[in-house]
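Here's the structure, in structure tokens; my notes come after.
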Amino acid sequence: VQLQASGGGLVQAGGSLRLSCAASGRTFTNFVMGWFRQAPGKEREWVGQITWNMGTTLYADSVKGRFTISRERAKNMVYLQMTSLKFEDTAVYYCAAARAIRYNDPFKDFIYWGQGTLVTVSS
């Protein structure tokens with residue numbers, strides 16, 4: 001499994017940005033695709049996830065209502081639409097994939113990771 005995140009950049013607070021994740025290497029039926037982020041000096045945190053089959057989403061409270069995860073199965077793409085960005089959203093964002101949710105612990109379930117893309121929100 002290969003995951004390639006892109007779309008990061010510099011954006012002003014209140015602005016929007018869309019990250020993309022290109023997934024390849026196998027079919028992703030029954031997979032769960034996730035987004036994580038790691039801010040400077042902080043631990044990596046789970047942002048949200050989407051089921052490949054049904055498109056069911058879950059979000060961290062910190063981004064609920066502002067971020068939207070979607071997927072385009074025909075293109076093997078996953079997206080993270082971020083709106084109303086805040087300075088504290090500044091982080092390296094990673095896409096990840098899980099074969100299944102077994103542990104209810106994102107750091108155990110998500111076993112495939114892409115490289116990160118940096119999002120910087122200026123205040």
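Overview of results
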| read-out | value |
| --- | --- |
| The chain, accessible area per residue, ligands and nucleic acids excluded (1.4 Å, Å²) | 53 |
| Apportionment of accessible area to carbon and sulfur, segment 7-123, percent (1.4 Å) | 50 |
| Count, lysine Cα pairs under 23 Å in the chain, 8 or more residues apart or across chains | 5 |
| Centroid-to-centroid separation of segment 91-118 and segment 20-84 [C-alpha atoms, Å] | 9 |
| log10 of Debye I(q)/I(0), alpha-carbon scatterers only, for segment 57-123 at 0.17, 0.19 Å⁻¹ | -0.75, -0.93 |
| Net charge of neighbours whose Cβ lies under 15 Å from the Cβ of Gly14, counting Lys and Arg as +1 and Asp and Glu as -1 | 0 |
| Protein-only accessible surface order, largest first, of Trp35, Trp113 at 1.4 Å | Trp113, Trp35 |
| Probe 1.4 Å - accessible area at Asp61, Å² to nearest ten | 130 |
| Check: the chain dipole with +1 on Lys, Arg Cβ and -1 on Asp, Glu Cβ, in debye | 300 |
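The values are calculated or read from the model by the stated rules, or taken from the named source; none is laboratory data. Predicted model, so just to flag it, every value in this text is computed and none were measured. Neighbour counts run over all protein chains shown; Cβ positions are idealised from the backbone, glycine included. Heads up: the accessible areas ignore ligands, DNA and RNA and are worked out on the full protein's heavy atoms, side chains in. Shrake-Rupley method; radii C 1.70, N 1.55, O 1.52, S 1.80 Å.
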